[in-house]
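The values are calculated or read from the model by the stated rules, or taken from the named source; none is laboratory data. This structure is a prediction, so every number in the text was calculated from the model and none was measured. Note: ideal-geometry Cβ built from the backbone for every residue, glycine included; neighbour counts use all protein chains shown.
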């Protein structure tokens, strides 16, 4: 027999013996050779068994299928994916919670990022953090034996894993101590958060609230922060297109009715005028009182 003919007959003969089960357990393993099923055009039709797995149409379930031909839901795999995606989400929300402005400035300017307010980012971060903790707890449940084995080996006269475990614990304690004791470079992390709140998002002009929560103060009282009485303050608001409901209405309520931020209302009515803070306002009132007495 020529050499080429021998090679040509070998593979069909191998497939025949493979399908006949002459290789024993290799019949089941053979359906996954080369990363997939071995099929030929003759046997792939519905009436001929659908491939080399057998004559019954499909050769039985694959590794990803259950006995009923459907994929089964694996809790361990689901937990790994949930842990991964919740970790990524917490990372994103954590970054924005780290760099967000302080509450007073955020409320005064109606600060948002990607459609979420300061409270929106904080609430989302808390919810996703709880989901991440739940996924981490489930992950520990599924892998508890392996983790317990690490601790047992490490505790056995400082055996395998003791160095790694001790180093990890020491690093955690150093971050605790560095944060509470304000020791660099760990202390730079909370300091950076404060820098973002006070410096990066520092309001200028009308964007700077006179004091925290000034938008919740009645307009009759807020007028003094800009050196005005309420009648004059009201005239300026009306000239800018705003009609206050009365001296008891808050700036936040007025701005909300017109779809603007409190800072936007002040900017239109008074320009980029900065309101006086509580201390400066008291000083101004005292000076004004002294002049009246004199």
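Mind telling me which of the residues 178, 115, 123, 166 ends up being in the same structural domain as residue 83 (by TED's automatic domain parsing) and closer than 30 Å to residue 75 by Cα?
Exactly one residue qualifies, and that residue is 123.
Every residue in region 156-179 that is in a loop (DSSP other than H, G, I, E, B) and either surrounded by 11 or more Cβ atoms within 10 Å (Cβ to Cβ) or in contact with a helix residue (DSSP H, G or I) (Cβ under 8 Å, 6 or more places away or on another chain) (or both), please.
Residues satisfying the conditions are 156, 158, 159, 160, 161.
Looking at (1) at pLDDT below 50; (2) surrounded by fewer than 16 Cβ atoms within 10 Å (Cβ to Cβ); (3) out of contact with any helix residue (DSSP H, G or I) (no Cβ under 7 Å at 6 or more places or on another chain); (4) not in a helix (DSSP H, G or I), can you tell me which one residue 47 breaks?
Of the numbered conditions (1) at pLDDT below 50; (2) surrounded by fewer than 16 Cβ atoms within 10 Å (Cβ to Cβ); (3) out of contact with any helix residue (DSSP H, G or I) (no Cβ under 7 Å at 6 or more places or on another chain); (4) not in a helix (DSSP H, G or I), the odd one out for residue 47 is (4).
Which members of region 85-101 meet the condition of being surrounded by fewer than 19 Cβ atoms within 10 Å (Cβ to Cβ) and touching a residue at least 24 places away in the same chain (Cβ under 8 Å)?
87, 89, 94, 96, 97, 98, 99
State whether one or more residues within region 242-254 are under 28 Å from residue 98 (Cβ atoms) and crowded, with 17+ Cβ neighbours inside 10 Å.
Checked region 242-254: at least one residue is under 28 Å from residue 98 (Cβ atoms) and crowded, with 17+ Cβ neighbours inside 10 Å.
In region 102-118, which residues are in contact (Cβ under 8 Å) with a residue 24 or more places away in the chain and out of contact with any helix residue (DSSP H, G or I) (no Cβ under 7 Å at 6 or more places or on another chain)?
Within region 102-118, 104, 105, 110 meet the criteria.
Looking only at region 243-275, count how many residues are within 39 Å of the chain's Cα centre (by Cα) and part of a loop (DSSP other than H, G, I, E, B).
The number of residues fulfilling the criteria is 10.
I'm told residue 119 meets every condition in (1) buried (at least 17 other Cβ atoms within 10 Å of the Cβ); (2) within 22 Å of residue 198 (Cβ to Cβ) except one. Can you identify the failing condition by its number?
(1)
Please identify the pairs in which a residue from region 132-161 that is at pLDDT below 85 has its Cβ atom under 6 Å from the Cβ atom of a residue that is surrounded by 14 or more Cβ atoms within 10 Å (Cβ to Cβ) and part of a helix (DSSP H, G or I), counting only partners at least 6 apart or on another chain.
Once the first residue is at pLDDT below 85 and sits in region 132-161, its partners that are surrounded by 14 or more Cβ atoms within 10 Å (Cβ to Cβ) and part of a helix (DSSP H, G or I) give 154/162; 154/165; 159/153; 160/153; 161/150; 161/153; 161/154.
Read through the list (1) touching a residue at least 40 places away in the same chain (Cβ under 8 Å); (2) in a loop (DSSP other than H, G, I, E, B), then give the number of the only condition that residue 182 fails.
(1)
Scanning region 185-201 for residues that are free of Cβ contacts under 8 Å to residues at least 24 places away in the same chain and within 30 Å of residue 226 (Cβ to Cβ), which turns out surrounded by the fewest Cβ atoms within 10 Å (Cβ to Cβ)?
In this case the residue turns out to be 199.
Take the residues of region 193-240 that are touching a helix residue (DSSP H, G or I) at 6+ places or on another chain (Cβ under 7 Å) and closer than 10 Å to residue 269 by Cβ: which is modelled with the lowest pLDDT?
Among those residues, the one meeting the criterion is 206.
Between 133, 105, 82, 128, which is in a helix (DSSP H, G or I) and either surrounded by fewer than 16 Cβ atoms within 10 Å (Cβ to Cβ) or on the phi > 0 side of the Ramachandran plot (or both)?
From the options 133, 105, 82, 128, the qualifying one is 133.
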